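All remarks here apply to the structure that follows.
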Amino acid sequence: MNEFLDYIESGKRVELITHAHNSTTRFYCAYYGIENNSIVLSCPKNKHIKFNLPTGENIYLYAYTRGGVFKLTCKLLSYNEKQCILSLPLNVEKIQRREYIRVKMQIDTVIKIIDYTGTKIIRTKSKDISAKGIRLLLDHDISKSVKIEISIIFPEQTINTLAKVIKIKQTDTETFKQFNTSLTFISITDKEMNFIVKKCFEYEAAQRKKMLEKEI
């Protein structure tokens, strides 16, 4: 249950998700460690909302580790301006094997392919994305490319990075071939990675809200 402890490091950034008043709010803090059978974090921060959750309430902690992404369900024990204390996990779920969350979010994407025949520009949408890479469904096999430049066009920001092919799986239909293409980013900055992580969580929160509204 506490497999995440084998991977998470002191000072590592984690995220807290609260569900209150029919809304989902995300806060960021640093993991300090385990003390007195409790999880100790820095004070949760959000640029727009002050952390103000009643003690005893359930809270979800997302830990991004080299062993994967873990979702911990904890109880809020106490907090002040310096730190936040949570109970040891009531439940631990390993939601992804990779360190960064990946979501099926469609984002406008432009790929510049340079190979021995020249330069090609491909405009498409992502099939899924994480802070480290992207998956696309293309009409061309780009495995022989010498250089790949990719632009991911979010409404707020465009991220430009070099990329390389990780995996390509050909999918044949009755009329044409398609190539399920996975790329990893190789020149992306930490700031840009953090932005993608933020957008992934916003997308997941929006999807969860839609599901809850359908159930009401």
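The values are calculated or read from the model by the stated rules, or taken from the named source; none is laboratory data. As the structure is a computational prediction, the values presented were derived from the model and not from experiment. Quick reminder, even Gly has a Cβ in these numbers, built from the backbone with ideal geometry, and neighbours come from all protein chains shown. Keep in mind that these areas ignore ligands, DNA and RNA; they rest on the heavy atoms of the full protein, side chains included. Shrake-Rupley method; radii C 1.70, N 1.55, O 1.52, S 1.80 Å.
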Test: THR158 is closer than 27 Å to GLN207 by Cβ and open to solvent by 20 Å² or more (accessible area, probe 1.4 Å): yes
Contact list, first residue from segment 179-194 and closer than 20 Å to TYR28 by Cβ and open to solvent by 60 Å² or more (accessible area, probe 1.4 Å), second anywhere and β-branched (Val, Ile, Thr) and in a strand (DSSP E or B), beta-carbon distance below 9 Å, six or more apart or interchain, is THR189/ILE159; THR189/THR161
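Does TYR31 satisfy the condition of being under 24 Å from LYS132 (Cβ atoms), surrounded by 13 or more Cβ atoms within 10 Å (Cβ to Cβ) and at pLDDT below 90?
On the way: under 24 Å from LYS132 (Cβ atoms): yes; surrounded by 13 or more Cβ atoms within 10 Å (Cβ to Cβ): yes; at pLDDT below 90: no.
No.
Given the options LYS132, LYS144, LYS177, LYS164, name the one that is under 21 Å from ILE113 (Cα atoms) and either at pLDDT 90 or above or of a type in the set (Phe, Trp, Tyr) (or both).
Numbers: LYS132 fails: either at pLDDT 90 or above or of a type in the set (Phe, Trp, Tyr) (or both); LYS144 fails: either at pLDDT 90 or above or of a type in the set (Phe, Trp, Tyr) (or both); LYS177 fails: either at pLDDT 90 or above or of a type in the set (Phe, Trp, Tyr) (or both).
Matching residue, one of LYS132, LYS144, LYS177, LYS164: LYS164.
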Scanning for something surrounded by 16 or more Cβ atoms within 10 Å (Cβ to Cβ), within 26 Å of THR25 (Cα to Cα), of a type in the set (Ser, Thr, Tyr) and in contact with a strand residue (DSSP E or B) (Cβ under 6 Å, 6 or more places away or on another chain), does segment 117-124 turn up at least one residue?
no
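To keep it simple, each residue is scored yes or no on (1) small (Gly, Ala, Ser); (2) farther than 19 Å from ILE196 by Cβ; (3) crowded, with 17+ Cβ neighbours inside 10 Å; (4) under 17 Å from the mean Cα position of the chain (by Cα).
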residue: SER126; (1), (2), (3), (4): yes, no, yes, yes
residue: ILE129; (1), (2), (3), (4): no, no, yes, yes
residue: ILE142; (1), (2), (3), (4): no, yes, yes, no
residue: ILE148; (1), (2), (3), (4): no, no, yes, no
residue: ILE152; (1), (2), (3), (4): no, no, yes, yes
residue: LYS169; (1), (2), (3), (4): no, yes, no, no
residue: THR173; (1), (2), (3), (4): no, yes, no, no
Taking segment 123-150 and keeping residues in a strand (DSSP E or B), hydrophobic (A, V, I, L, M, F, W, C) and farther than 14 Å from LYS164 by Cα leaves ILE129, LEU137, LEU138
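Going through segment 131-140 one residue at a time, which ones are open to solvent by 80 Å² or more (accessible area, probe 1.4 Å) and within 16 Å of LYS191 (Cα to Cα)? Steps first, answer last, please.
To start, the set of residues in segment 131-140 that are open to solvent by 80 Å² or more (accessible area, probe 1.4 Å) comprises 132, 139-140.
Result: LYS132, single match.
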Considering residues that are outside any strand (DSSP E or B), of a type in the set (Phe, Trp, Tyr) and either within 22 Å of ILE101 (Cα to Cα) or out of contact with any strand residue (DSSP E or B) (no Cβ under 7 Å at 6 or more places or on another chain) (or both), the number found within segment 19-62 is 0
Going through (1) open to solvent by 20 Å² or more (accessible area, probe 1.4 Å); (2) assigned to a strand (DSSP E or B) one by one, LEU72 fails only at (1)
From the option list TYR28, TYR32, TYR79, single residue qualifying as under 21 Å from GLU204 (Cα atoms) and of a type in the set (Phe, Trp, Tyr) is TYR28
Residue count, segment 75-95, condition free of Cβ contacts under 8 Å to residues at least 40 places away in the same chain, under 18 Å from CYS43 (Cα atoms) and in a loop (DSSP other than H, G, I, E, B), comes to 2
